[in-house]
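Data block below; observations after.
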Amino acid sequence: MALAVPGIFLANSGVLPAHKDVLPYANYVKWYEDVHIPDWMGAKTDAITSAWRYQSLDPTNSLPFLVAYKYPDIGAMSAPEFRAVTLSHPSLPGGGPVSKFITITVTSGPHNETWRAGSTGDDRGPLLVTETIELASSSATTAFHNWYTSTYITELSLIDGWRRTSRFSVGGTKWLALHEFEERAFEAGTTKIPGLLGKSEATKNIEKSAKKVDLALWKLVRVFGDKNAAWGLPGTDGIL
């Protein structure tokens, strides 16, 4: 019997400019939070323990709505129950489906590891930096992991207000990290993260050599389900 591997399903979306009049963003948020998230989490019993809803702090972000779902077993994502979740509802223009009015990108993959500050509780940090790094080739994987575990995580842990970093494999040579912070970690009015959060030469070299690096800043808005659910297996967080 295969062991359960916890993982993430990340959905990032926004209303298309051509449809903002018929589906105002506030209406989209209400449908998503009050209808879709409960439908998705309830589609298959115990497949999802938690969902964290974030809002982009960048007013120019065309995909300002972000939801991170915790799957205790990432294999459950392929269950037919999720394909049966309806995207239509009376609150949507013409009853939907919502796919006519929005654009959405999804990312998923197994949890690799989590590091957290020793004083950090289980609640999520109020601010989140999502960081996706795609390497130029698979030959850079070993050096990337060595940098992450020996250099980068230490740099992150020294940032005032850092709470937790969780890393996921999201396909081939691509990794996603969720960096949680207290609000004091960033100056008021900060809307974008220009580059990797470390300052060492090793970190700058990784940024230069990567095929693609994407970072964005978000604010936690709402939690569904178990707010204290860990991304990985219980008791496996690294303490810094």
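For the reader, a short list of remarks on this structure follows.
- Amide H contacts of ARG163 (H built 1.01 Å from N, in plane; Pro and chain starts excluded): GLU180, PHE181, GLU182 sit under 5 Å, all sequence-distant by 5 or more or on other chains.
- Per-residue 3J(HN,Hα) values for segment 151-160, derived from phi via the Karplus relation 6.51 cos²θ - 1.76 cosθ + 1.60 with θ = phi - 60°, read 10, 5, 5, 5, 4, 4, 5, 8, 6, 4 Hz in sequence order (x marks Gly and Pro).
- Segment 188-240 versus segment 1-76: alpha-carbon centroid distance in Å: 18
- For the residue pairs LYS44/LYS70; LYS20/LYS100; LYS174/LYS219; LYS174/LYS208; LYS70/LYS208, the alpha carbons lie more than 20 Å apart in LYS174/LYS219; LYS70/LYS208.
- ARG184-SER62 FRET efficiency (beta carbon distance; Förster radius 25 Å; 0.05 resolution): 0.30
- Helix-only CD estimate at 222 nm, as mean residue ellipticity for the chain, using -39500 (n - 2.57) per DSSP H run (n ≥ 4): -3500 deg cm²/dmol
- Three-way shape label, segment 102-236, alpha-carbon gyration tensor, a/c 1.5: rounded
- Which of SER62, SER91 has the fewest Cβ neighbours within 10 Å, and the rest in rising order: SER62, SER91
- Correct choice for mean projected area of the Cα convex hull in nm² that was computed from the model, options (i) 14.0; (ii) 16.2; (iii) 16.8: (i)
- Of the residues ALA79, ALA47, ALA216, the one that moves most in a GNM of the chain with alpha-carbon contacts below 10 Å is ALA79.
- For segment 49-62, 3J(HN,Hα) per residue [Karplus equation, 6.51 cos²θ - 1.76 cosθ + 1.60, θ = phi - 60°, Hz, x = Gly/Pro]: 8, 8, 9, 10, 9, 10, 10, 5, 8, 9, x, 8, 5, 6
- ³J(HN,Hα) computed for each position of segment 4-16 - Karplus, 6.51 cos²θ - 1.76 cosθ + 1.60, integer Hz, glycine/proline x: 5, 10, x, x, 10, 10, 10, 10, 10, 8, x, 6, 5
Values in this text are rule-based calculations from the coordinates and carry no lab data. Fair warning: this is a prediction, and the values are worked out from it, not measured in the lab. Please note: Cβ atoms are built from the backbone with ideal geometry, for glycine as well, and neighbour counts cover all protein chains shown.
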